[in-house]
C-alpha cells in the first residue's frame with residue numbers, strides 16, 4: 001500500500017500544485033540547513049514585497065495618506081525601505097527559517113513557499129489603504145509528525161521573534177535610548193513582538209493553535225511574554241521612519 005503523506009504549514013493550509021512544488025531528484029529541503037533554488041527565490045520575492053508594503057505605509061506614501069495629508073512623504077521613503085527591510089529580515093525571515101530548521105531536525109522535507117495571492121493582497125492594501133495584512137507564505141512540511149514535534153516546530157517561529165524582540169528592546173531602552181540607533185532597535189522590537197503575538201493566537205492554522213494543542217503551559221508563557229514586550233514598546237513610543 002502506498003505510504004500516505006501529510007503536508008503541514010506554519011501559517012495556512014492552502015496547497016495548490018504550483019504552490020507546493022517539490023524539486024525533482026534529491027529533496028534538498030530535507031537536508032539540515034539546505035535551501036533549494038526555488039525556496040530562495042520565493043524568500044527573496046516575499047521579503048521584497050513585504051519591505052515595499054511596510055515602507056510605503058510607515059512613511060505614509062500610499063494613496064490613503066496622500067489624500068489625508070494632501071501630499072506624499074517621498075523623502076522618507078529610502079529610510080522607510082531600509083528600516084522595513086531590517087524589520088522583515090529579523091521578524092519574517094528568522095521566523096520562517098526557525099520553522100524550517102526545526103522541521104529538518106525531525107527529518108521532514110521543509111521549504112518555504114510564497115503565497116502569491118497573499119502577496120498581491122498585501123501589496124494592494126499597502127498601496128491604497130493604511131491596513132497591513134500580510135499572508136506572504138509559509139514553510140511547508142512533508143512527512144509524518146507526532147503531536148509534540150508539530151508543537152515544537154510551531155513554537156520555534158514565535159520563540160525566535162520573542163528572543164529578537166527582547167534583545168532589541170534591551171538595546172533600545174537601556175543602551176541607545178533616545179538616539180537614532182535606539183529608534184531602529186525599537187522598530188525591530190515592535191515588528192517582532194507584533195508578529196509573535198499575532199502568530200500565537202490560538203486560532204485555525206496559526207502557530208498558537210498548534211503550540212497550545214501540544215503544551216498549554218508553554219503556549220501561555222510565550223503569549224504572555226510577547227504581549228509584555230508589545231506593551232513595553234508601545235509605552236516607550238512607537239518608532240517610525242517619520243520620526244527620524
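Just so you know, all these numbers are worked out from the coordinates, no wet-lab data involved. Quick caveat, the model's predicted, so the values are computed rather than measured. Cβ coordinates were reconstructed from backbone atoms using ideal geometry, including for glycine residues, and neighbour counts include every protein chain displayed.
Quick notes on this one:
- Here the simple spin-label model places points 7 Å from the Cα toward Cβ, and for residue 217 and residue 235 these points are separated by 2.8 nm.
- Distance (nanometres) between label positions extended 7 Å along Cα→Cβ at residue 170 and residue 135: 3.7
- Listed by Cβ neighbour count within 10 Å, with the fewest neighbours leading, 144, 111 appear as 144, 111.
- Take every Cα pair under 8 Å whose residues are at least 6 apart in sequence, average their separation, divide by the length of region 89-235, and the relative contact order is 24 percent.
- Ranked list, fewest to most other Cβ atoms within 10 Å of each Cβ, for 106, 112: 106, 112
- FRET efficiency, residue 228 to residue 146 (Cβ-Cβ, R0 41 Å, nearest 0.05): 0.85
- Efficiency of FRET from Cβ geometry, residue 120 and residue 178, R₀ 45 Å, rounded to 0.05: 0.70
- Evaluated at q = 0.11, 0.13, 0.16 Å⁻¹: base-10 log I(q)/I(0), Debye formula over Cα of region 146-238: -0.32, -0.43, -0.60
- Projected label points at residue 34 and residue 201, each 7 Å from Cα along the beta carbon direction, are separated by 3.7 nanometres.
- As a proxy for reagent exposure, 95, 42 were ordered by neighbouring Cβ count within 10 angstrom, fewest first; the result is 42, 95.
- Over every Cα atom in region 48-117, the radius of gyration and the widest Cα-Cα span, Dmax, amount to 16.5, 55 Å.
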